[in-house]
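The values are calculated or read from the model by the stated rules, or taken from the named source; none is laboratory data. Everything numeric in this text was worked out from a predicted model, so none of it was measured. As a convention, Cβ positions derive from the backbone with ideal geometry for all residues, glycine included, and neighbour counts pool all protein chains shown.
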Amino acid sequence: MTTFDTLGLSAPILDAVKAGGYEQPTPIQERAIPAILFGKDLLGIAPTGSGKTLAYALPALQLLLEGKWELSNRHVPILFVVPTRELAGQVEEVLQTLVATLTNKIKVAAVFGGVSINPQMIGMQGVDILIATPGRLLDLMDHKAVHLGSVKYLVLDEADKMLDLGFREEMDRVLAALPKKRQNLLFSATLNAAVDAITQLVLHKPEVIQLTEEPQEVTLIQQRAFRVDQEKKGPFLRYLIRSMDMQQVLIFTASGHSADHVADKLKKHGIDAESTHGKKSQGARQNALAAFKKGTLRVLVATDLLSRGIDIDSLPYVINYELPRSPKDYIHRIGRTGRAAQAGEAISIITPEDQHHFKVIQKKMKQWVTLEGTEDIDLSGV
């Protein structure tokens, strides 16, 4: 059995790993960390929930502890570029937990849009590790608040998502501002033509690690699907939450408008719920997510913006109130539950109009879920 102390990590980093509660490396960590520490560029293709963040964060911290760089003011040595605010916040949280145990003072900052740029500009002083979304990073560069000419270690995380969100032009501008000599790591859940094009541009003789299967935790997910008429979806959702005594459940919808509607209906019927999506303010999204993670909010209704990159330990239930457009997003959604060796349940509510699309998703997953009838369930009074 591989352990963290066989991967070439230094004693202070191993202490940080232990303090963070990480016991055993995941397959991506086991294979990526030694290659990164050796100084290689790396392409990591691995599914959501596979532990990519720690795979690039630990070598970055070790590099900082060993590095003797004389950096000018506002020149960052380590840059992580991520597609969404939520992922930026999650990566920052992982790093802050790790650096808290280190005697060396390491400054970590996460920057993203949707909040005032002024505090972020001030906070760029002396940053060692910068986590940034592409748009806000360019804003800070334009304001001369940060300089990328001294970056030694670049990570592009969720590269496929960044390209899906239309960040190619922004990524090109960021790459043009970087020095030629640097170590580059690119992580993605999928490998497609767009990701391959960025790979060719950024990586030099990379170590390629491709984990095509879902992480083992996904096998712990019990998948169920219920056939429900469109007009009965709301009552059936409330029936599910109450009859199964769900105390923490993440519900996915296809749009922000739908997320708001579902959350409002649940609240009107006495079930504590909040919605979170791209049109909500940053503060509202952070507050809802924090309450949900703490367990003080029973139901969080979200769009696919949250289907990646949010770690909620031991989440017992995920409900697909509406199916996502792609099978890939379905896997990302249900991957929120059944993590960290904990069993979880993913439930999909399927209308007659959804049945063909659900078959397509199952075919892609190579997993078949029995469609359960709901005709005999009494939904009056729910």
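Please find, among L43, L9, the residue that is over 21 Å from R182 (Cβ atoms), in contact (Cβ under 8 Å) with a residue 40 or more places away in the chain and not in a helix (DSSP H, G or I).
Numbers: L43 fails: over 21 Å from R182 (Cβ atoms).
None of the other options fit; the residue is L9.
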Out of the residues in segment 317-350 that are out of contact with any Leu (no Cβ under 9 Å at 6 or more places or on another chain) and modelled with pLDDT of 90 or more, which is farthest from K232 (Cα to Cα)?
E345
Residues in segment 58-75 that are surrounded by fewer than 23 Cβ atoms within 10 Å (Cβ to Cβ) and in contact (Cβ under 8 Å) with a residue 12 or more places away in the chain total 12
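Any residue at all in segment 291-305 that is of a type in the set (D, E), within 17 Å of M246 (Cα to Cα), modelled with pLDDT under 90 and assigned by TED's automatic domain parsing to the domain that holds I241? Walk me through how you get there before you give the answer.
So the first thing to find is which residues in segment 291-305 are of a type in the set (D, E), and the list is 304.
Okay, now just the ones that are also within 17 Å of M246 (Cα to Cα), so none.
The answer is no, given that none of the residues of segment 291-305 is of a type in the set (D, E), within 17 Å of M246 (Cα to Cα), modelled with pLDDT under 90 and assigned by TED's automatic domain parsing to the domain that holds I241.
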Restricting attention to segment 99-110, which residues are surrounded by fewer than 17 Cβ atoms within 10 Å (Cβ to Cβ) and in a strand (DSSP E or B)?
none
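Each row is one residue, and each column tells you yes or no for (1) of a type in the set (S, T, Y); (2) surrounded by fewer than 21 Cβ atoms within 10 Å (Cβ to Cβ).
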position	(1), (2)
P77	no, yes
F80	no, no
V94	no, yes
T97	yes, yes
F112	no, no
N118	no, yes
M124	no, no
D128	no, no
I131	no, no
Reported set for segment 53-91 where residues are more than 13 Å from A132 (Cβ to Cβ) and assigned to a strand (DSSP E or B) is H75
Flag for G166 being assigned to a loop (DSSP other than H, G, I, E, B), within 22 Å of the chain's Cα centre (by Cα) and free of Cβ contacts under 8 Å to residues at least 40 places away in the same chain:
yes
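Identify the residue in segment 361-382 that is of a type in the set (A, V, I, L, M) and outside any helix (DSSP H, G or I) and, among all such residues, is nearest to I334 (Cα to Cα). Walk me through it before giving the result.
Filtering segment 361-382 for residues of a type in the set (A, V, I, L, M) gives 361, 365, 369, 371, 377, 379, 382.
When the remaining residues are screened for being outside any helix (DSSP H, G or I), the result is 369, 371, 377, 379, 382.
On the way: V369: 13, L371: 17, I377: 25, L379: 26, V382: 26 Å.
Taking the candidates together, the pick is V369.
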Considering residues of segment 236-260 that are in a helix (DSSP H, G or I) and over 25 Å from the mean Cα position of the chain (by Cα) only, the residue surrounded by the fewest Cβ atoms within 10 Å (Cβ to Cβ):
S243
Report the residue count in segment 182-206 for those that are in contact with a Leu (Cβ under 8 Å, 6 or more places away or on another chain) and assigned to a helix (DSSP H, G or I).
6
Residues in segment 43-61 that are modelled with pLDDT under 95 and over 19 Å from the mean Cα position of the chain (by Cα): how many?
0
